[in-house]
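The values are calculated or read from the model by the stated rules, or taken from the named source; none is laboratory data. Source: prediction; values computed, not measured. Here the Cβ positions follow ideal geometry from the backbone for every residue, glycine too, while neighbour counts run over all protein chains shown. Remember, those area values only see protein heavy atoms, side chains included, never the ligands or the DNA or RNA. Shrake-Rupley method; radii C 1.70, N 1.55, O 1.52, S 1.80 Å.
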Amino acid sequence: MEKQGILIVVSGFSGSGKGTLMKALLQKYPQNYALSISATTRAPREGEQDGREYFFKTKEEFEKMIAKNELIEYAKYVENYYGTPREYVEKKLSEGMDVILEIEIQGALKVKKAFPDTLLLFVTPPTAVELKSRLVGRGTETMDVIESRLSRACEEAQGMDSYDYLIVNDDLDACVEEMHSIIQGEHHRSFRNRKFMEKIKEDLENLKGED
Ligand code: ADP
Ligand code: 5GP
């Protein structure tokens with residue numbers, strides 16, 4: 001029976017550790033997961049490479065991608081556009097890989113609407129104070145941008161209960177295992193195994209007819 005890939009959305013407050021978590025999950029289970037690389041108009045951070053963390057675009061280039069329907073979803077987040085290129089996601093899902101989109105909440109809800117079988121995971125640090133200290137500790141944003149991201153976190157917190165699972169990123173390794181087992185468990189949901197159920201029903205009927 002061919003394996004069906006699951007479309008997985010991972011959201012969480014900026015600084016909750018989603019990026020770190022995704023890197024660790026993919027490193028540990030490279031055969032299971034494909035991580036979609038988004039397009040964005042934000043400037044690369046120190047150490048980020050075009051085509052690795054993001055496809056870095058100008059506003060004009062990004063708007064062209066929207067017009068050509070090349071994005072599954074897109075959203076504006078703190079003054080910049082972010083969007084998910086369609087082609088890679090569709091290709092990997094059709095190959096049976098679980099595809100992870102690490103995107104913010106507006107995009108997550110758009111994906112869920114377009115693809116209702118999407119699994120929605122929300123990552124949070126153990127406390128609000130820890131969130132601020134991770135954002136400050138990362139050292140990649142000015143205090144102004146950190147404040148905007150914290151105020152965006154207050155808005156995003158209102159939407160947490162639209163997600164299927166809440167994942168607390170306290171100990172990183174434990175969190176990687178938790179996420180992996182949630183996803184593996186999800187493969188066993190009956191609605192994701194309709195083809196298998198149809199086949200065994202049919203085979204049972206045929207077997208019965210043989211006597
Ligand atoms: P996000 O992608 O959600 O914005 P990052 O992955 O960039 O967050 O993580 C924010 C900061 O927190 C980074 O400096 C990262 O090293 C740190 N971090 C991530 N996960 C943990 C964890 N479980 N415990 C402590 N620090 C963490
Ligand atoms: P950052 O600038 O920290 O890399 O990302 C800012 C926010 O944008 C994060 O919440 C991240 O999950 C989200 N994001 C990244 N790519 C996409 C995307 O393709 N679509 C949407 N809607 N959000 C994204």
- [ ] For residues that are assigned to a strand (DSSP E or B) and small (Gly, Ala, Ser), scanning just segment 4-27, find the one that is nearest to SER38 (Cα to Cα).
- [x] SER11
TODO: Test LYS76 against the stated conditions and say whether it is out of contact with any Lys or Arg (no Cβ under 7 Å at 6 or more places or on another chain), open to solvent by 40 Å² or more (accessible area, probe 1.4 Å), more than 16 Å from ligand 1 (Cβ to nearest atom) and not in a helix (DSSP H, G or I).
DONE: yes
Task: Of all residues making up segment 85-104, the number that are within 16 Å of ligand 1 (Cβ to nearest atom), modelled with pLDDT of 95 or more and farther than 20 Å from GLN184 by Cβ - done: 1
Open item on the list: Residue pairs, Cβ under 9 Å, 6 or more apart or interchain, first in segment 72-93 and under 30 Å from ILE146 (Cα atoms), second open to solvent by 80 Å² or more (accessible area, probe 1.4 Å) and in a strand (DSSP E or B). List them.
Closed with: TYR81/TYR74; TYR82/TYR74; TYR82/LYS76; GLY83/TYR74; THR84/TYR74
Task: Candidate set from segment 131-152 (those that are open to solvent by 60 Å² or more (accessible area, probe 1.4 Å) and of a type in the set (Asp, Glu)); member that is nearest to the chain's Cα centre (by Cα) - done: GLU147
Task: Test: TYR33 is on the phi < 0 side of the Ramachandran plot, in contact (Cβ under 8 Å) with a residue 12 or more places away in the chain, away from ligand 2 (no atom under 12 Å from the Cβ) and among the aromatic types (Phe, Trp, Tyr) - done: yes
TODO: Spot the failing condition for THR140; the list is (1) out of contact with any strand residue (DSSP E or B) (no Cβ under 7 Å at 6 or more places or on another chain); (2) part of a helix (DSSP H, G or I); (3) touching a residue at least 60 places away in the same chain (Cβ under 8 Å); (4) not small (Gly, Ala, Ser), and only one is missed.
DONE: (2)
- [ ] Determine, yes or no, whether SER38 is under 16 Å from GLU156 (Cβ atoms), of a type outside the set (Lys, Arg) and either touching a strand residue (DSSP E or B) at 6+ places or on another chain (Cβ under 8 Å) or near ligand 2 (Cβ under 10 Å from one of its atoms) (or both).
- [x] no
Task: Members of segment 15-45 found to be within 15 Å of ligand 1 (Cβ to nearest atom), open to solvent by less than 10 Å² (accessible area, probe 1.4 Å) and within 18 Å of ALA75 (Cα to Cα), listed by number - done: THR40
